[in-house]
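Down below is the structure, laid out as structure tokens.
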Amino acid sequence: MGQGERVEHGVVAWEGRATVDGFWQQFAQQVQAWLLRHSVAMRDAVVLLPFAQHLAIARRAFAALGPWLPRLETTRSLAAGLGPPRLARPGELIGEGALDLLQALSRLRGSGLGSEDPRADRLHASQLLELTQALQSAAASLGPQGRSAYWLRVAQVWRREVSVGLESELLRIALEWAQHIGPPATDVLFEHQASAWILLESGRPDHLARAVLSEALVPALRLEVAGPGGLQVASPWRVHEVDEAGSLPAAAAGQVLRLLAQDVRPVLMPATDRALMRQVKALLLPHGVQVQDETGGSLATTGPAAALRHAVRAALLGNMDDLLAWAKSPLAPVGLEGVSPLEAWARRQRVKRWGESVPARAPAQAWRRLLEVTQPLRAGGARRPLQQWLLGLRQMLAACLALEESRWTAHDQATWRACKETLWLSRSPWPGSAAEGLMDQVLDAAEWLDWVDESLQDATPTSEDLGAPHVVITPLNRAALRPFAATVLAGVDVGRWSLGRVAPALLRQSTAAELDLPNLPAAQAQQWAALQQLARLPQVVCVHARHGDGVPLDWAPPLQRMRAAFASPWVDAEEARRPVATTAASASRAQVALPGWLPKRWSASQVAALRDCPYQFFARVRLGLGEADEIDRDPDPRDWGRWLHAVLQVAHELGDPVVHWDAACRQVLEREGVPAQEVWPFLALLQRWGPAYLSWWPAEAKAGRRVEAVERQLEGPVWAEDPLLSSVIWIGRADRVDVLADGSTQLLDFKTGSASSLKARVETDPQLPFYAALLAHLGDPVQDAAYLAVDSKTRSLQALACPDTPQAARELVDGLAEDLRQLHAGEPLRALGEGVACEHCAARGVCRKDDWSSA
């Protein structure tokens, strides 16, 4: 009798009414009887199971038969238990996706297939690596004796299927690479001396285990899970349908909570859509539900990994958003101060980037400290060996005192350890290993950042074993033969159950199937087999959305097939979510009184807010509320006005603005940190403002006008003689003060846009009288004030004078004094609820206008 002929084949009959525990008892009894027939002691046999999750329940079943248990393993756990894996030699796959991708890139470029597009190279390298991994896995599952024939078969298929070109070269390299990789760690299985082998398969063939049994010289038995003909179900499946896909997470969580309230546990949730599972999990956790997530997820989605990515991107790319996120994380330098002022300044000024030079008006304390600690990573050249990049990162984190786990909460400490290990910050490669060789591979900053991202993306965070969880989220094929009390299938539409492309990207599905590589028909068969196993659970609830973004969502083909196979129709599931009746509270117009309170600092914008809407003044000044500016958004008219002021200042500082306008524009954009590749549209805008101002200035200068002060900071107690108001400090910044030919002074405020919008409010706007009053208090009164409207479209400039500026300033001082006295006395600040100020008010949610205006 030759090898392979000794393998007996059988089935484990799973009767329609049998439970999962009953199946495992039947399996254990069948194995026991077979071993008795072959005179093999239970303790000398090896039983190979589909997944590690089956080990515990199998041990319980065998323990019920007697004191001696067989060796219960999976192929992976048995190989690990037989000894440490062999170190990958240079050129061999390591098993870490990001490092193996570096090898694939090296082979691609070493074969002359590289291009000038780094992204295209990474795509082709990832396809090469994917195929190489699939070929190696298929060859490893055949055992040492069957590999030579397999490589010959692959070569024949290559010659038949492949044409010339890049694809042909990638296939050739993949075959050569996979063929010359050393023996896999699982080869120790073929050397293990067992008295008997038993393999249990469920839904998919285990080619490696079959090869082990085939080459064994001892009794071997392969068992498959089989049930009676036709689908057998414990009870009719229930269906809960919602109108829109956005309701799926809440509806699914409601069904889970309903089952748990009935003491039905554990509940299975097959992870057909990982994003949906994250949403459901987030809804369950606040209810105290213990969720065991076996999908693994990605280390990149954790807090420590996100902080690390922010740190390296801030150091190498100079992104201000990344810098601020890092500075507020546990990885920030110990004792870092000045982050809040830096963030406020960066958001106010819309500063997107940071670097070696500290802008003149930037809060420098945090900026300089972060520059100091990032120096080890930024220094060393644009292209460095991988180990030098890692050394720089380690030194940067050490300078921050961030390598220690104590910086993190107890929940995140294990994750931080995983991050350090994944990025080789807490371990070193073995001498002579493939990993050691890759540490010398030279990368530029972009390639290294890609490596960091891919390493964290590929790694799986450590998950806590909850022992007896309420809910288990696991891939569909790992749910079979496990004792769940119920399952909730969340999202049963075509999109969420689609398997996508299963075969390696370089191969057709039929070619992949011919070579025993992953392929769509095999994956669909496994999906159907796993779904059949779910039919045996006591309760199954399907949560289906009829529409997604307004588009009808069809049931997934496996679920349609399942519905067609049922002898009895599915029943509607009870809506688990309960509507809560609420009574709308009566709402009145918002108002608040602040007796005894006065603002400490007093600005023109606060005056405008008080006049536009007193309640808006309360929200902005007393509560300190305001919109958080976004750093990465495109410049808006507020930024353009600020840039125009800066250009005017620089142009006059350089000399004649007519001569130096373009230079001033470039200098301002450089100072604002606008990247070189983005500078042209903004430079064109600033240059378009030039003709308007430069057509006005020469005639004024010839008439005797000269610039006296630019961007002057103003501050002083205008009501110094008033006992009640003397503590209120007026503040502001005057755009410009000019001296005219007759010696009088004029206050100017530059505005971008058309003059028509300014004309309507020039007599009521408090800005010019406010600054005029403040200048008068400081001993520099102005005789005139005007807005200068610079219109880039018409390339014209129009002066809009403030009538009788000194008188307007005095009236403003007296009127505001009376307003603040009333405020101090307790006069309510009421929400006006009308006008343009209300339509665009950021404090609309504070005054709740939408409630009381519709009451």
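General remarks:
- Checklist (1) assigned to a helix (DSSP H, G or I); (2) at pLDDT 90 or above applied to L199, failing item: (1)
- Among the conditions (1) of a type outside the set (D, E); (2) crowded, with 19+ Cβ neighbours inside 10 Å; (3) under 51 Å from the mean Cα position of the chain (by Cα), the only one that K793 does not satisfy is (2).
- Residue ID - surrounded by the fewest Cβ atoms within 10 Å (Cβ to Cβ), chosen from residues in the range 245-292 that are β-branched (V, I, T) and closer than 18 Å to A468 by Cα: V264
- The range 186-206, subset hydrophobic (A, V, I, L, M, F, W, C) and touching a Leu at 6+ places or on another chain (Cβ under 9 Å), residue surrounded by the fewest Cβ atoms within 10 Å (Cβ to Cβ): V188
- Scan of the range 797-816 for residues that are of a type in the set (G, A, S) and surrounded by 16 or more Cβ atoms within 10 Å (Cβ to Cβ), ordered by number: A808, A809
- Test: H54 is of a type outside the set (F, W, Y) and under 47 Å from the mean Cα position of the chain (by Cα): yes
- Yes/no for L758 being in a strand (DSSP E or B) and more than 17 Å from V607 (Cα to Cα): no
- A search for C-beta distances below 6 Å between a residue of the range 35-58 that is surrounded by fewer than 21 Cβ atoms within 10 Å (Cβ to Cβ) and any residue that is hydroxyl-bearing (S, T, Y) and in a loop (DSSP other than H, G, I, E, B), counting only pairs 6+ apart in sequence or on different chains, returns V40/S195; D44/S195; A52/T74.
- The residue that is farthest from K352 (Cα to Cα), among those in the range 674-696 that are surrounded by fewer than 19 Cβ atoms within 10 Å (Cβ to Cβ) and not hydrophobic (A, V, I, L, M, F, W, C), is S695.
- Residues satisfying the stated conditions in the range 697-725, i.e. surrounded by fewer than 13 Cβ atoms within 10 Å (Cβ to Cβ), part of a loop (DSSP other than H, G, I, E, B) and at negative phi: A703, A720, E721, P723
- Residue match in the range 67-83 (condition: free of Cβ contacts under 8 Å to residues at least 24 places away in the same chain, closer than 22 Å to I173 by Cβ and surrounded by fewer than 20 Cβ atoms within 10 Å (Cβ to Cβ)): no
- Condition met for L171 (out of contact with any Asp or Glu (no Cβ under 9 Å at 6 or more places or on another chain) and either in a helix (DSSP H, G or I) or without any contact (Cβ under 8 Å) to a residue 40 or more places away in the chain (or both)): no
- Test: residue in the range 628-642 that is touching a Leu at 6+ places or on another chain (Cβ under 7 Å), closer than 24 Å to A799 by Cβ and either charged (D, E, K, R) or modelled with pLDDT of 90 or more (or both): no
- Residue satisfying condition, being at pLDDT below 90 and farther than 29 Å from E343 by Cα, within set Q677, Q687, Q667: Q687
- Qualifying residues in the range 455-490 (those that are of a type outside the set (A, V, I, L, M, F, W, C) and over 30 Å from W24 (Cβ atoms)) - the one surrounded by the fewest Cβ atoms within 10 Å (Cβ to Cβ): Q457
- Test: residue in the range 126-134 that is among the charged types (D, E, K, R), closer than 25 Å to W151 by Cα and either outside any helix (DSSP H, G or I) or modelled with pLDDT under 95 (or both): no
- Among the residues of the range 419-434, those identified as out of contact with any helix residue (DSSP H, G or I) (no Cβ under 6 Å at 6 or more places or on another chain), surrounded by fewer than 20 Cβ atoms within 10 Å (Cβ to Cβ) and of a type outside the set (D, E, K, R) are S428, W430, P431, G432, S433.
- Lone unmet requirement of (1) more than 18 Å from L283 (Cβ to Cβ); (2) at pLDDT 90 or above; (3) surrounded by 15 or more Cβ atoms within 10 Å (Cβ to Cβ) for V494: (3)
- Consider the range 800-832 and keep the residues that are under 50 Å from the mean Cα position of the chain (by Cα) and of a type in the set (G, A, S). The one that is modelled with the highest pLDDT is G826.
- Considering residues of the range 7-23 that are small (G, A, S) and closer than 16 Å to A535 by Cβ only, the residue modelled with the highest pLDDT: G22
Here is a yes/no grid of residues against (1) touching a Ser or Thr at 6+ places or on another chain (Cβ under 7 Å); (2) among the aliphatic types (A, V, I, L, M):
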site	(1), (2)
C665	no, no
E670	no, no
V674	no, yes
S695	no, no
A699	no, yes
V710	no, yes
P717	yes, no
D722	no, no
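- Checking G165 against (1) closer than 25 Å to H192 by Cβ; (2) within 40 Å of the chain's Cα centre (by Cα), the condition it does not meet: (1)
Conditions tested, residue by residue: (1) of a type in the set (A, V, I, L, M, F, W, C); (2) more than 31 Å from the chain's Cα centre (by Cα).
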residue	(1), (2)
R501	no, no
L506	yes, no
L517	yes, yes
P521	no, yes
Q532	no, yes
Q539	no, yes
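- The one condition in (1) in contact with a strand residue (DSSP E or B) (Cβ under 7 Å, 6 or more places away or on another chain); (2) surrounded by fewer than 15 Cβ atoms within 10 Å (Cβ to Cβ); (3) farther than 25 Å from T752 by Cβ that L829 fails to fulfil: (2)
- If you go through the range 301-331 and pick out every residue that is among the β-branched types (V, I, T) and at pLDDT 95 or above, you end up with 1.
- Residue that is farthest from the chain's Cα centre (by Cα), among those in the range 763-790 that are buried (at least 18 other Cβ atoms within 10 Å of the Cβ) and β-branched (V, I, T): V782
- Here A741 does not qualify as exposed (fewer than 13 other Cβ atoms within 10 Å of the Cβ) and closer than 23 Å to G815 by Cβ.
The values are calculated or read from the model by the stated rules, or taken from the named source; none is laboratory data. Treat the numbers as computed from the prediction; the structure is a model and nothing was measured. Ideal geometry is used to build each Cβ from the backbone, glycine not excepted, and the neighbour counts take in all protein chains shown.
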